[in-house]
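Data first, discussion second: the structure below is written as structure tokens.
The values are calculated or read from the model by the stated rules, or taken from the named source; none is laboratory data. The structure displayed is predicted, hence computed values, not measured ones. Here the Cβ is made from the backbone with ideal geometry for all residues, glycine too, and neighbour counts use every protein chain on show. For accessibility, only protein heavy atoms count, side chains too; no ligands or nucleic acids. Shrake-Rupley method; radii C 1.70, N 1.55, O 1.52, S 1.80 Å.
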2 protein chains.
Amino acid sequence: MHIGLFDSGVGGLTVLKELRRHLPKANFTYLGDTARLPYGNKAPETLRKYTQENIDFLDQQAVDVIVIACHSASSIALGMTASEEGTPIFNVITPSCEQAVQTTKNGVIGVMATKATTRSQVYSNFINDLQEDLEVISQACPLLVPLVEEGLMEDEVTEFILKRYLKPLATADTLILGCTHYPILKPQIEALCGAGTTLIDPAESVAQRLEKHPHVNQGSGRLEIYLTDHAPHFLEHAEALLGGLHQAAFLFPNP
Amino acid sequence: MHIGLFDSGVGGLTVLKELRRHLPKANFTYLGDTARLPYGNKAPETLRKYTQENIDFLDQQAVDVIVIACHSASSIALGMTASEEGTPIFNVITPSCEQAVQTTKNGVIGVMATKATTRSQVYSNFINDLQEDLEVISQACPLLVPLVEEGLMEDEVTEFILKRYLKPLATADTLILGCTHYPILKPQIEALCGAGTTLIDPAESVAQRLEKHPHVNQGSGRLEIYLTDHAPHFLEHAEALLGGLHQAAFLFPNP
């Protein structure tokens, strides 16, 4: 089984990590569109064009399944269930919303996301499409990505900022970590929320879907990473997160 | 007089603001390469290509002078003093370094900058090229841009982070604000450093150079802004910073 996934940069590596943990035999091709990151502040038409180009590129690699490992790109591709070549496409928003709807008991779902994702209301709209009577509280958490990228997960500043972001979400019993970087802060968020709140990691929701694929146990665990620009420190990030990339091949095409 | 300047996004607007304050009669053309921001994490070859394209675009607008209003792009174009068309090019690094060298009394210059700029050692190398016996302390301040972009200038978190960044710079009597966003925090940095430290705003250093231009008083104060992508909130940023854009023309070409 060959899974292709793409993101604008390092963020999607957390999705890759989670997928590899669940599907250790699958082969993976990761495309990081580092030349055009970040996606969060791009116009929808631009993002649609980039998303299509990335999907076409992964199709050329003959993948069996495509995962859009980026919330911004996912938000404009919610309706895309297959590529022009017929390859099934998964995004990181649909499965996590469905899981959140099944999980909540008090009917209040919280969504932590970037400013762009929050502004787009993609989560709240999609959740209310699934079930109208649920309350969705969205909280933009713009400082979390830079704090994670600075490695300040255990820092008092991060705890202070997290408390601020979590306060309006206090009534939610289910919390979607709606940005690829946020699962890295899962222990800290869990500690602040307490046992009464269920955290939903969208990567895990996608992984649970892919586990049902008939060829899930076929493959050699191979990983190929493609970047559109040789981004400094991408490899460091990747190695730190994925724990040794001795099986990885790095290529720098210009898709 | 027609001044063209470019940056990857909103950052260069602080440079534009400072230049307009000093040169109220000059006409300005601002190019924000929003489709390809940020520049800080791009590979040098990529950045060189983008810089050249932006310079070519401004040359097509028949500007008299080009200002590279971006520290990352400036760092790879230090030696560029004129375009292929012969238009003089100013960057934001050279003038601020020269001013810092003239200003320091104790021979210790501090440089606050992004991670990429700090890693490139462009400031310390250039300052020591100017005067070998000066000590340059560089401090990467990666959280300041997101904090400013969140409007948290007066927030206790920003003060806390600033104190942390300023600590290693304590012995410097001259401090270069080596990122376009940092001058927005000038009052806060000044308050924490005290009167013994001189802050150097690179935009002001460039403005002082341009004031010497013979045609500085010719023009109508016209401003045209070009963006390579219709970035959400760019206009809000621009209006908040420049205080009303009733003279501005906005165009969205694809240079």
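Between a first residue in the range A:123-149 that is more than 14 Å from chain B (Cβ to nearest Cβ) and part of a helix (DSSP H, G or I) and a second residue that is among the small types (G, A, S) and open to solvent by 30 Å² or more (accessible area, probe 1.4 Å), which pairs have beta carbons less than 7 Å apart while being 6 or more apart in sequence or on different chains?
A:Y123/A:S138; A:S124/A:S138
Take the residues in the range B:1-41 that are farther than 30 Å from B:R119 by Cα and basic (K, R), then tell me which one is least open to solvent (accessible area, probe 1.4 Å).
B:R20
Every residue in the range B:150-182 that is within 14 Å of chain A (Cβ to nearest Cβ) and of a type in the set (F, W, Y), please.
Of everything in the range B:150-182, those that are within 14 Å of chain A (Cβ to nearest Cβ) and of a type in the set (F, W, Y) turn out to be B:F160, B:Y165.
Select the helices (runs of 4 or more DSSP H) contained entirely in the range B:162-249, then report the ones holding at least 2 residues which are more than 18 Å from B:A69 (Cα to Cα) and open to solvent by less than 40 Å² (accessible area, probe 1.4 Å). So that I can check it myself, show each step before the final result.
Working: elements: B:186-193, B:202-210, B:234-242.
Of the helices (runs of 4 or more DSSP H) lying wholly inside the range B:162-249, those with at least 2 residues that are more than 18 Å from B:A69 (Cα to Cα) and open to solvent by less than 40 Å² (accessible area, probe 1.4 Å) span B:186-193.
Which condition does B:E154 not pass, out of (1) part of a loop (DSSP other than H, G, I, E, B); (2) within 28 Å of A:A231 (Cα to Cα), if it passes all the others?
Going through (1) part of a loop (DSSP other than H, G, I, E, B); (2) within 28 Å of A:A231 (Cα to Cα) one by one, B:E154 breaks only (2).
Taking B:S72 and the conditions (1) within 14 Å of another protein chain (Cβ to nearest Cβ); (2) of a type outside the set (D, E, K, R); (3) surrounded by fewer than 24 Cβ atoms within 10 Å (Cβ to Cβ), which numbered condition does it fall short on, given that it satisfies the others?
(3)
Is there any pair linking a residue in the range B:231-255 that is over 24 Å from B:Y50 (Cβ atoms) to one that is modelled with pLDDT under 70, with Cβ under 6 Å and at least six apart or on different chains, and which?
That search, which allows pairs on different chains as well, returns B:E239/B:L245.
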